[in-house]
Amino acid sequence: MYGVTVTELIKKMSLKNILPEIDTDKVVLAHPDVNRPALQLAGFFDHFDRERVQIIGYVEQEYIKTLDPETKMERYDRLLCSDIPCVLYSRGQMPDEDMQNLCYHYQVPCLVSEKSTSELMAEVIRWLKVKLAPCISIHGVLVDVYGEGVLIMGESGIGKSEAALELIKRGHRLVTDDVVEIHKVSDETLVGRAPDITKHFIELRGIGIIDVKALFGVESVKDSQNIDMVIKLEDWDKDREYDRLGLEDQYTEFLGNKVVCHNIPIRPGRNLAIIVESAAVNHRQKKMGYNAAKELYNRVQANLGLGAPSSL
Amino acid sequence: MLKKNVTIGLTSGLEVRPVAMLVQIASQYDSRIYVESGNARVNAKSIMGMMTLGMGAGETLVVSAEGDDEEAAMDEIEKYLVGTK
């Protein structure tokens with residue numbers, strides 16, 4: 001299971017820690033969401049999302065002020081004994097003394113942010129989503145070609161790294177060679193990055209490891225990139241059918257997200273880099289609303305239906 | 001498909017040279033060979049992948065092989081990792 005510590009949250013969001021005595025390294029956030037405990041403070045604890053960051057905004061704070069001291073203590077106690085990860089006050093509001101004492105008693109970190117509540121919520125959720133995104137590591141090469149993230153896959157030794165090198169020489173950017181860490185940031189977006197150990201390195205059979213950043217400069221590498229399409233390289237198999245038109249997209253799946261996928265047969269003499277480049281730019285054109293295969297289809301149909309002159 | 005837990009017996013663990021050696025061994029076979037440890041699953045024929053594992057002596061990983069020569073592949077890899085070869 002993935003997790004981030006409250007210490008990281010404090011650092012990232014520049015929060016003020018009211019009770020620095022509490023060890024925030026041990027408190028792990030595993031849920032990419034927040035809760036505003038307004039209903040809980042009003043005494044309703046059914047379906048309480050206790051594992052989330054509890055954000056107390058202006059409304060909650062004002063409501064607490066209307067409670068008599070006994071009720072307030074009882075609600076605070078119930079909230080804090082529920083094993084919540086932390087209490088976070090927005091707008092620079094200071095937690096009252098009872099809250100601080102109870103937080104200390106239950107060892108719950110108590111934090112304050114200067115940001116407005118909705119801004120803080122959006123920031124925390126966005127950051128947690130990225131940090132806690134499901135992640136897998138796969139075998140492949142990720143390059144940024146004309147701004148499209150192209151993931152090249154295929155068996156060991158088929159020429160992925162060589163294709164990447166050629167693409168780099170043509171002015172495209174390498175994200176990672178051999179191992180791609182894929183993070184599912186949302187239902188639509190997959191982000192790929194390199195493991196720290198092998199970042200910016202390529203292995204070429206017969207030469208060994210080369211450092212792309214040192215050899216070709218900063219402009220030839222990139223730290224992370226959305227994955228827009230997948231290219232699967234495979235040995236040419238004459239019995240298999242390969243896409244000749246491109247009228248329908250084929251997809252492959254990572255972590256439940258669909259990505260456009262092209263199976264490309266390789267044979268000696270086929271220039272892989274230029275094929276990858278064309279696939280990327282064609283994908284881009286499709287996204288912009290023009291599909292060459294459809295255009296050809298339309299022309300053929302028009303030719304049949306209307307008997308259009310061949311001098312078209 | 002074969003799957004096996006192997007404990008690393010190489011005294012230096014999976015350092016750069018032993019990794020290169022292991023990849024050499026794996027590459028001699030046609031089978032698909034993977035090494036797993038924790039969340040990571042990497043192709044045993046990929047040098048860069050194996051480098052990211054960063055495992056020391058005494059740690060255990062899962063080796064899996066699938067293909068016509070899976071038994072021979074598994075055998076050799078296990079021998080190498082355990083340190084008897």
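The values are calculated or read from the model by the stated rules, or taken from the named source; none is laboratory data. In this text, all values refer to a predicted model and were calculated from it rather than measured experimentally. Cβ: placed from backbone, ideal geometry, glycine included. Neighbour counts: every protein chain shown. Calculation scope for accessible area: heavy atoms of the full protein, side chains included, ligands and nucleic acids excluded. Shrake-Rupley method; radii C 1.70, N 1.55, O 1.52, S 1.80 Å.
When residues in the range A:172-206 are screened for being away from chain B (no Cβ under 12 Å) and free of Cβ contacts under 8 Å to residues at least 12 places away in the same chain, 1 of them pass. From (1) within 14 Å of chain A (Cβ to nearest Cβ); (2) part of a strand (DSSP E or B), pick out the condition that doesn't hold for B:VAL63. Going through the list (1) within 14 Å of chain A (Cβ to nearest Cβ); (2) part of a strand (DSSP E or B), B:VAL63 breaks only (1). Name the single residue that is nearest to the other protein chains (Cβ to nearest Cβ) among those in the range A:121-162 being in contact with a Gly (Cβ under 9 Å, 6 or more places away or on another chain) and part of a helix (DSSP H, G or I). My answer is A:LYS160. On the stretch given as the range A:207-227, residues that are away from every other protein chain (no Cβ under 14 Å), open to solvent by less than 40 Å² (accessible area, probe 1.4 Å) and in contact with a helix residue (DSSP H, G or I) (Cβ under 7 Å, 6 or more places away or on another chain) total 2.
One residue stands out among those in the range B:4-15 that are out of contact with any Asp or Glu (no Cβ under 9 Å at 6 or more places or on another chain) and either in a strand (DSSP E or B) or surrounded by 14 or more Cβ atoms within 10 Å (Cβ to Cβ) (or both): the one that is farthest from the other protein chains (Cβ to nearest Cβ), which is B:GLY9. Filtering A:ILE266, A:ILE274 for residues that are farther than 24 Å from A:ILE136 by Cα, without any contact (Cβ under 8 Å) to a residue 12 or more places away in the chain and either open to solvent by 90 Å² or more (accessible area, probe 1.4 Å) or among the β-branched types (Val, Ile, Thr) (or both) leaves a single hit, A:ILE274.
All told, A:ARG244 falls short of being modelled with pLDDT of 90 or more and open to solvent by 70 Å² or more (accessible area, probe 1.4 Å).
Looking only at the range B:30-85, residues that are small (Gly, Ala, Ser) and over 24 Å from A:ILE197 (Cα atoms) come to 6 in all. The number of residues in the range B:22-60 being closer than 17 Å to A:ILE136 by Cα and more than 10 Å from chain A (Cβ to nearest Cβ) comes to 4. B:PRO18 passes every criterion in (1) surrounded by fewer than 18 Cβ atoms within 10 Å (Cβ to Cβ); (2) part of a helix (DSSP H, G or I) apart from (1). Looking at the range A:77-99, is at least one residue among the acidic types (Asp, Glu) and closer than 18 Å to A:MET13 by Cβ? No, the range A:77-99 has no match at all.
Yes or no: A:TYR2 of a type in the set (Ser, Thr, Tyr) and surrounded by fewer than 19 Cβ atoms within 10 Å (Cβ to Cβ)? Spelling it out, A:TYR2 is indeed of a type in the set (Ser, Thr, Tyr) and surrounded by fewer than 19 Cβ atoms within 10 Å (Cβ to Cβ). Summed over the range B:41-65, the residues that are open to solvent by 10 Å² or more (accessible area, probe 1.4 Å), touching a residue at least 40 places away in the same chain (Cβ under 8 Å) and touching an Asp or Glu at 6+ places or on another chain (Cβ under 8 Å) give a count of 1.
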